[in-house]
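Notes to accompany the following structure.
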Amino acid sequence: MDKLKSDLSNLQQYFAANFPPEKRAAAQTAFLKNLSELAHAHFQGKMQTLPKAGIWDFNWFNVWYTPGVSSVSTAIRDDQTRSFELSNRGNLVAVVSDSTRVLGDGDCGPAGGLGVMEGKAMLMKYLGGCDALALCVNNRDSQGKPDPQRLIEFVKMLEPSVGAVNLEDISQPNCYRVLDELRASCNIPVWHDDAQGTACVTLAGLLNALELVGKKMENIRTVLFGAGASNSTIASILLQSGLDPKNLVMFDSKGGLHSGRKDLATNPDKFKQWNLAQISNPKRFETMEEAMPGADVLISLSRPGPGTVKPEWIRLMAPRAIVFACANPVPEIYPHEAKAAGAYIVATGRGDFPNQINNSLGFPGILKGSLLARASRITDGMAIRAAHSLAGFARQRGIDPENIIPRMDETGVFAQEAADVAMQAIKEGVARQALTRDEVFAQAEADIQAARSICHKMMDDGSIAPPPAELIQKALEYTRAQNPD
């Protein structure tokens, strides 16, 4: 086997050349997961704190700290809103989690989400020009059960230090309670990225997929497999975007959601699912075999697969079917299997397959636009505007069945998204800073380019050194052991 280049630029080509199709996706997954663990151990995480102001001589210590900084304290004392301009608060996001539902791995303990939260912080800086703190909170009670009220109080106490809060990897039903209470009580945006962010990017991908297959939102039959926070919010966003509720069928672990599901009606923790059950699935389909014939769209955010979504379900779908299998870290069905079963457009949550439907395309631009507008909250309208911004960016440069949505390395998309989100915040009256679209775009673009420039300078001068080549080879050896010929 040829060695894989240390920059990973030929990752897909390497696995295509060295593994048969039936083993390729699983081998690539094993490689990425093992290399991730090795690389995180090598670098001891992926974030650090650095100043953005200089120390040109000794007296700058006296400017940045005592006695000079006293004037900053008194200025904020007299006007609390000046904290946004006299500190980094106006560009700082807290990424907060209790690690009770990390990716597809479940409850990983209070510190278990740190890798994901640092990943969010990294993407916010590199893609959105926002600074971010990874904060995993131990909100367990004496029996080890997560207490949502403790998480709520933590964020409320944290509010004076940050410009926005990104909630992440919080299990149901606590995620709903935490988000709803904090959105109502905080004066800064509190955003649940697993739900709102995923819904935004899903809508963006679906808009362009429908464009390619020549179908309209108001006419399509849609099946949502999984009824967690992500798919529940996706359902709400799609309904607001024109989807007919009579053409929607949603499934949880007990079957189809519909008005006859009394277990939902009597469970206060399932109030969002019960609301959807009352307006959708009028034929009361109980199984996927009943719901899938003639369906135009399948959106799955369920148990990580493969094997969770069955090829025989896809074979029942309408011509030019659209399948989004977006569980992480492994999709419910691999793209090649979905295509073989008849799907015309397939998307997953991963960047090593075509059409990555992942909230990483949403939160950097959405939060940047919200921060620049000093929005008090992020509304559904702002998320929907972001989705149309993403879809429009992709259409402008061209779309096809293997390329329905921007990639994270398309540098212009996040400044455009930030500007569109800020304009929607102003339109809805939740912005506290009135800027023009050109002003927001210019500031977002400058901040993003500055963040990327610093990162690349550090890589070029060796401040951030590449990982040793043996890490790549260790990960390959592990992968070959897991996938013998």
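Points to keep in mind about this one:
- Check on residue 471, in contact with a His (Cβ under 8 Å, 6 or more places away or on another chain), part of a helix (DSSP H, G or I) and farther than 30 Å from residue 385 by Cα: yes
- Screening segment 295-326 for residues that are of a type in the set (A, V, I, L, M) and touching a Leu at 6+ places or on another chain (Cβ under 6 Å) and picking the one that is surrounded by the most Cβ atoms within 10 Å (Cβ to Cβ) gives 323.
So that you can scan it fast, the table gives a plain yes or no per residue for (1) in contact with a His (Cβ under 9 Å, 6 or more places away or on another chain); (2) within 21 Å of residue 215 (Cβ to Cβ); (3) not β-branched (Val, Ile, Thr):
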| position | (1), (2), (3) |
| --- | --- |
| 280 | yes, yes, yes |
| 287 | no, no, no |
| 293 | no, yes, yes |
| 296 | no, yes, yes |
| 321 | no, yes, yes |
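- Residue that is surrounded by the fewest Cβ atoms within 10 Å (Cβ to Cβ), among those in segment 368-385 that are out of contact with any Gly (no Cβ under 6 Å at 6 or more places or on another chain) and of a type in the set (A, V, I, L, M): 384
- Members of segment 177-220 that are free of Cβ contacts under 8 Å to residues at least 40 places away in the same chain, of a type in the set (A, V, I, L, M) and part of a loop (DSSP other than H, G, I, E, B): 217
- All conditions in (1) part of a helix (DSSP H, G or I); (2) touching a helix residue (DSSP H, G or I) at 6+ places or on another chain (Cβ under 9 Å) hold for residue 411, with the sole exception of (1).
- Answer residue from segment 92-126, given it is surrounded by fewer than 24 Cβ atoms within 10 Å (Cβ to Cβ), assigned to a loop (DSSP other than H, G, I, E, B) and of a type in the set (Asp, Glu) and is farthest from the chain's Cα centre (by Cα) among those: 107
- Applying the criterion of at least 2 residues that are touching a residue at least 24 places away in the same chain (Cβ under 8 Å) and crowded, with 20+ Cβ neighbours inside 10 Å to the helices (runs of 4 or more DSSP H) found wholly in segment 226-281 leaves 229-240, 271-277.
- Condition check for residue 438 on (1) free of Cβ contacts under 8 Å to residues at least 40 places away in the same chain; (2) of a type in the set (Asp, Glu); (3) under 30 Å from residue 344 (Cβ atoms); (4) assigned to a helix (DSSP H, G or I): one failure, at (3).
- Residue list for segment 142-164, filter: touching a Leu at 6+ places or on another chain (Cβ under 7 Å) and not in a helix (DSSP H, G or I): 162, 163, 164
- Condition check for residue 46: in a loop (DSSP other than H, G, I, E, B), touching a residue at least 60 places away in the same chain (Cβ under 8 Å), out of contact with any Phe, Trp or Tyr (no Cβ under 9 Å at 6 or more places or on another chain) and not hydroxyl-bearing (Ser, Thr, Tyr): yes
The numbers here are math on the coordinates, done by the rules we state, and not lab data. Just so it is clear, the structure is predicted and the values come from calculations on it, not from any experiment. We place every Cβ from the backbone using ideal geometry, glycine too, and count neighbours over all the protein chains shown.
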